[in-house]
Structures are given as structure tokens and as C-alpha cells.
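Okay, so here's the structure we're looking at.
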Amino acid sequence: MKILTLLNEKGGVGKTTLTVHIAAGLALQGYRVLVVDADPQGHASVALGVKRAPGLYNLLVRNATYKDVLMSIAPEMYQLPNQPCEGSLWVVPSNEETRVIPMLVSDSMLLVRQMQTLQHAFDVVLIDTSPTPSLLHSMIYIATDAIVYPTECEYLSLDGLSQSLRHRDELQKIRNQWGFQPLDIMGIVPTKYRASTLLHNNNLERLRKSFGDKVWGPLALATIWGEASAMRRPVFQLAPESKAAQEMWNIVTKVQEGLA
């Protein structure tokens, strides 16, 4: 089982959109996928058609079991027309109670132990995070195998990326103390990309100079993303022939390659 986290200490960069699309795409490819919604807004839960609920809070604070908090996502929510879904998709939902987890839990290894109980149940766990750093972020950093960083090609988003990378480096020390492998940057995904602007082109070039092939192909700004969000459906179900769907499938393929 691999644990991937979507992270950027700047809101609105597409963490949730990427989380649910990668999760759905992997499920369609035959993976057993779990989404852990670690954002108090609960948008990953809502995007998957699930009501906000204190799933993660109950798991970490109330010592609930996974059978009490796991929610199955019906394949009809994400599968392609006339194509069977070979995998499965589940979610641990979130709500505003997630915000107080860091105030009530001081054990930074708690999430690691909870994840270990799922070793044989899932192939991939995807964690959607809030932009605000906290002890919960530290727990996630320690439990994670690799991180995917979404970022707009704008100053504040890139600054959030820089802060996130700095905190990753700081948490490496704790991981080393526990004998964990270095925390890998699986990929950096430029989102809401506008190829017609000099600013975005220049910033994308800067990213590629700094991170090389860790920078994946950008996701262009397009109306279909808002439509898909409103309908709670992935773009590759709503508009399978669209450029947005193809760009997202490219991201899913990159994740699969990273999991190999």
C-alpha cells in the first residue's frame, strides 16, 4: 500500500480536484483506493458525493475503527460510460471537527499506526489536506510515502509550494529518527494554467529549471472543471473527449508510474 498526499500551503490551487480525480482514475484502472479527507472544509467528501462527517476525527480522537468511518463510493459516480470499473473507491470523510484534531491529539505517530492496519485492504491511499500547517500536517508527513504538489503559476501559490517544501525538509528529520524512507516528491502539477500569458509561461519554465521532470504537464484553466465540480463527477466521465480529461489522464498515468 502506498500513501500519497496532495499538499500546498496555499488554498485554491486544486488539491481536492486532483485528489478525487486521481483516486477515481486509479479505481478505474483496477486499484483499491482510499481517499482520506483531512481538510475541515470536507470538499473531497462532498466532491465524491458523501456528506461531511467527522470520519477522520472519530478515527484519530475517538478511537473508532475503519469499519465505522469508511464510506464506499458507488462506481456510477465516476466510471466511464459502458465500461466496467475493476477497482474500488472509498473515503474517510471530514467536517469542521477535523480542525480540532491537533488540539486533542499529541501523538505524531498515531496516523502511521492507523494506516498500518490497512496494509492489505487498499493499494493506494490519497490524503487531501488543508492549506494551514498544524500537528495534523506533521502526522500526515510522517505517514506519507510521497507527495504531489499542485500549484498555480502565480506568486502566492509558488510561495505556498516553497513553504510546503521547507516543512517537508524539516519533517524529514523526524522520519529519519523513526527509520522511515525519505519523503519523495512524486510530482508537481501546474494548475489553472494559461498558456497565453507570459507570467505563467515564465513561472512554468522556472519550475522546470528547479525541479526538472518532477514537474508534470500542466492542467489548463477550463470551464469544464467548474462544471464537473458542480455535478460531482470527474471530467473524464462528464467530457471524456475533452482536453481537460486527457490532461488529467496524463496525471493519473504519472501517478501509476510513480507507484510502480
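The values are calculated or read from the model by the stated rules, or taken from the named source; none is laboratory data. Please read all numbers here as calculations on a predicted model, not as lab measurements. Quick reminder, even Gly has a Cβ in these numbers, built from the backbone with ideal geometry, and neighbours come from all protein chains shown.
Just a few scattered comments:
- In the range 73-97, residue farthest from LEU136 (Cα to Cα) [restricted to those that are within 17 Å of the chain's Cα centre (by Cα) and in a loop (DSSP other than H, G, I, E, B)]: TYR78
- Verdict on LEU80 being out of contact with any His (no Cβ under 9 Å at 6 or more places or on another chain) and either farther than 30 Å from GLY160 by Cα or surrounded by 14 or more Cβ atoms within 10 Å (Cβ to Cβ) (or both): yes
- Given (1) outside any helix (DSSP H, G or I); (2) farther than 28 Å from GLN246 by Cα; (3) out of contact with any helix residue (DSSP H, G or I) (no Cβ under 8 Å at 6 or more places or on another chain); (4) in contact (Cβ under 8 Å) with a residue 12 or more places away in the chain, number of the condition ASN63 does not satisfy: (4)
- One residue stands out among those in the range 170-179 that are assigned to a helix (DSSP H, G or I) and in contact (Cβ under 8 Å) with a residue 12 or more places away in the chain: the one that is farthest from the chain's Cα centre (by Cα), which is ILE174.
Every residue, every condition in (1) modelled with pLDDT of 90 or more; (2) part of a loop (DSSP other than H, G, I, E, B); (3) touching a Cys at 6+ places or on another chain (Cβ under 7 Å); (4) surrounded by 20 or more Cβ atoms within 10 Å (Cβ to Cβ), yes or no:
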site: ALA121; (1), (2), (3), (4): yes, yes, no, no
site: ILE127; (1), (2), (3), (4): yes, no, no, yes
site: TYR141; (1), (2), (3), (4): yes, no, no, yes
site: LEU156; (1), (2), (3), (4): yes, no, no, no
site: GLN181; (1), (2), (3), (4): no, yes, no, no
site: MET186; (1), (2), (3), (4): yes, no, no, yes
site: VAL189; (1), (2), (3), (4): yes, no, no, yes
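- Residue within the range 225-243 that is touching a residue at least 24 places away in the same chain (Cβ under 8 Å) and on the phi > 0 side of the Ramachandran plot present: yes
- Only a single item in (1) surrounded by 12 or more Cβ atoms within 10 Å (Cβ to Cβ); (2) charged (D, E, K, R); (3) under 20 Å from LYS10 (Cα atoms) is not met by GLU170, and it is number (1).
- Residue count for the range 1-34 under the criterion of being of a type in the set (Lys, Arg) and under 11 Å from the mean Cα position of the chain (by Cα): the result is 1.
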